[in-house]
Amino acid sequence: MKLLTGMANQRLAQAVADYLDAPLTKAVVKHFPDSEVFVTIDENVRGQDVFVIQSSAYPANDHLMQLLVCIDALQRASAKRITAVMPYFGYGRQDRKTGGRTPISAKLVANMITAAKTDRVLTMDLHAGQIQGFFDVPVDNLYAAPVIEEDIKRNYNSRELMIVSPDVGGVVRARFLAERLGCEIAIVDKRRPRPGEAEVMNIIGDVDGRICVLVDDIVDSGGTLCNAAEALLKEGAEQVSAYISHGVLAAGSKDAVARIEASNLSELVITDTIEQPDHVLAAKKFREISVAPLIGEAIRRIANEESVSKLFD
Ligand code: R5P
């Protein structure tokens with residue numbers, strides 16, 4: 001087995017390599033002055049089972065291109081099997097036409113990855129599970145839930161605990177975690193009565209006096225979380241914190257971080273699927289937990305042709 005990484009998240013790639021006790025393959029990923037990507041793999045990969053660890057996170061297009069170019073280099077170097085390990089699958093939110101004459105970019109990206117001759121994809125908490133069907137190769141969609149569950153048990157062990165989905169679309173994710181923790185769920189139901197009118201937030205479930213933990217796949221501007229926290233506290237919640245799989249904060253992150261720091265959220269826990277800049281890691285309300293062991297174990301199982309779904313039993 002060989003592990004290769006682009007530039008998207010070298011910290012996570014190293015942590016996965018440490019878990020597997022396997023070195024990262026020597027390679028150079030660089031840019032030409034006009035920003036084109038160039039890759040040289042400095043080790044023999046002929047006949048090898050290669051895992052390329054590279055999320056399409058900010059800057060999404062460059063990191064996606066690095067992944068495609070790495071896969072092309074491996075394929076032309078006669079690797080036996082190539083797995084794209086994308087802890088965060090960017091473009092996932094563009095999974096349907098949102099209006100006339102708009103793209104389904106998640107499908108286009110899936111086509112590009114498949115066309116590069118990727119044999120399989122390993123990812124985590126896809127924005128929508130059905131994106132797996134956009135690929136014509138096997139996809140393993142891991143859940144950060146077991147890692148989040150452990151952390152919640154360590155830090156929020158209370159009979160008053162309630163898992164909250166910040167929107168109706170996240171109910172399945174919230175229920176999956178709540179069932180593992182044996183606690184109840186609540187749902188924030190947002191709706192805009194008429195175009196141009198302010199959004200109304202209704203809480204489904206009794207959160208009075210409860211320790212509420214919001215769970216979601218993505219934090220971007222932080223708006224969803226901050227508004228949900230405010231609505232929950234208004235309904236009598238004792239405390240509100242949040243666990244998010246993918247901190248898509250990098251682009252406008254200074255604003256998002258400031259918004260979260262100034263909000264009623266007591267803490268925001270993100271996983272390391274996306275490498276965060278130092279100012280995010282240093283922010284008082286932010287804490288990072290690692291999914292490296294989970295991704296490492298999934299890679300080990302794929303390499304050994306063992307069950308991956310057993311990880312979530
Ligand atoms: C939406 O469907 C996602 O699950 C997230 O709730 C959303 O992307 C969060 O975005 P923001 O932090 O900008 O509100």
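Quick notes on this one:
- Note on region 1-131: Rg/Rh from C-alpha atoms, Kirkwood Rh, equals 0.98.
- Sulfur and carbon atoms: percent of accessible area, the chain [1.4 Å]: 48 percent
- In this structure region 159-278 gives 45 Å² per residue of accessible area when probed at 1.4 Å with all protein chains present.
- Calculated [θ] (222 nm, deg cm²/dmol) that DSSP helices of n ≥ 4 give over the chain, each run adding -39,500 (n - 2.57): -9500 deg cm²/dmol
- Only one residue of Ile244, Pro193, Ala231 has its Cα farthest out toward the positive end of the dipole of region 145-290, where Lys and Arg carry +1 and Asp and Glu -1 on Cβ, and that residue is Pro193.
- The Cα-based radius of gyration and maximum Cα-Cα distance (Dmax) for region 145-290 are 14.5, 43 Å.
- Residue order for Leu24, Leu67 - accessible surface, 1.4 angstrom probe, largest first: Leu24, Leu67
- Long pairs among Lys107/Lys254; Lys190/Lys284; Lys97/Lys285; Lys153/Lys284; Lys30/Lys254, criterion Cα-Cα beyond 24 Å: Lys107/Lys254; Lys190/Lys284; Lys97/Lys285; Lys30/Lys254
- Debye, to nearest 20: dipole size of region 17-155, +1 on Lys, Arg Cβ, -1 on Asp, Glu Cβ: 500 debye
- A convex hull fitted around the alpha carbon atoms of region 83-232 yields 128 Å³ per residue.
- Derived value for the chain: Kirkwood hydrodynamic radius 20.4 Å. Basis is the mean of 1/r over every pair of different alpha-carbon atoms.
- DSSP-defined beta bridges in the chain - what % are antiparallel, rounded to 5: 20 percent
The values are calculated or read from the model by the stated rules, or taken from the named source; none is laboratory data. Quick caveat: nothing in here was measured; it's all calculated off a predicted structure. So basically every Cβ, Gly included, is an ideal-geometry build from the backbone, and we count neighbours across all protein chains shown. To get the accessible areas, we keep the full protein, side chains included, count just its heavy atoms, and leave off ligands, DNA and RNA. Shrake-Rupley method; radii C 1.70, N 1.55, O 1.52, S 1.80 Å.
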